[in-house]
1. Mind ordering 76-88, 39-51 by average Cβ neighbours within 10 Å, highest first?
2. Using θ = phi - 60° and the Karplus curve 6.51 cos²θ - 1.76 cosθ + 1.60, what whole-Hz ³J(HN,Hα) does each residue of the stretch 57-67 get, with Gly and Pro shown as x?
3. What list of ³J(HN,Hα) couplings, whole Hz, do you get for the stretch 34-46 from phi and the Karplus terms 6.51, -1.76, 1.60, once you set θ to phi - 60° and write x for glycine and proline?
4. Semi-axes of the equivalent ellipsoid for the stretch 3-82, please: Cα gyration tensor eigenvalues, times 5, square-rooted, ordered largest first, whole Å.
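Read-outs throughout are calculated quantities, based only on the coordinates presented, and are distinct from any laboratory measurement. All values reported here derive from a predicted model rather than from experimental measurement. Using ideal geometry, Cβ is built from the backbone for each residue, glycine included, and neighbour counts are taken over all protein chains shown.
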Amino acid sequence: MHRVARRLLSAKTRNRLFLEINRLKELYTGDLETVRGEADQHTRQVLDALQAASDSAAAVKEAVVEAALRQQEQAMELMDALAPPVPPPPAAASSGPLPLASRT
């Protein structure tokens with residue numbers, strides 16, 4: 001404590017001031033701990049909300065991909081149904097089996 005204050009304040013008054021300072025310090029420290037606890041809780045809630053949003057986005061992405069694949073499959077089926085039939089390959093000129101290589 002400052003020298004002038006020591007001379008002006010009695011030991012009893014200094015002791016009471018010291019106790020009051022400590023009481024206020026504990027009060028505000030406790031409040032800070034409460035604020036920190038609430039901030040931690042809010043941070044956890046925000047992180048949980050972000051995780052839920054991420055999970056939802058992944059589910060939407062999966063649903064969109066599945067729908068696109070189904071749509072592509074349906075389009076291919078429609079094209080197959082509308083396309084003219086493929087003609088058979090041209091027949092070979094000979095009526096019998098192909099000749100084997102001559103044996104020597």
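1. The most tightly packed comes first, giving 39-51, 76-88.
2. Whole-Hz 3J(HN,Hα) from phi for the stretch 57-67: 4, 5, 5, 5, 4, 4, 5, 5, 5, 4, 5.
3. In residue order, the calculated couplings are 5, 4, 4, x, 5, 5, 4, 5, 5, 4, 4, 5, 5 Hz.
4. That gives 74, 8, 4 Å for the three semi-axes.
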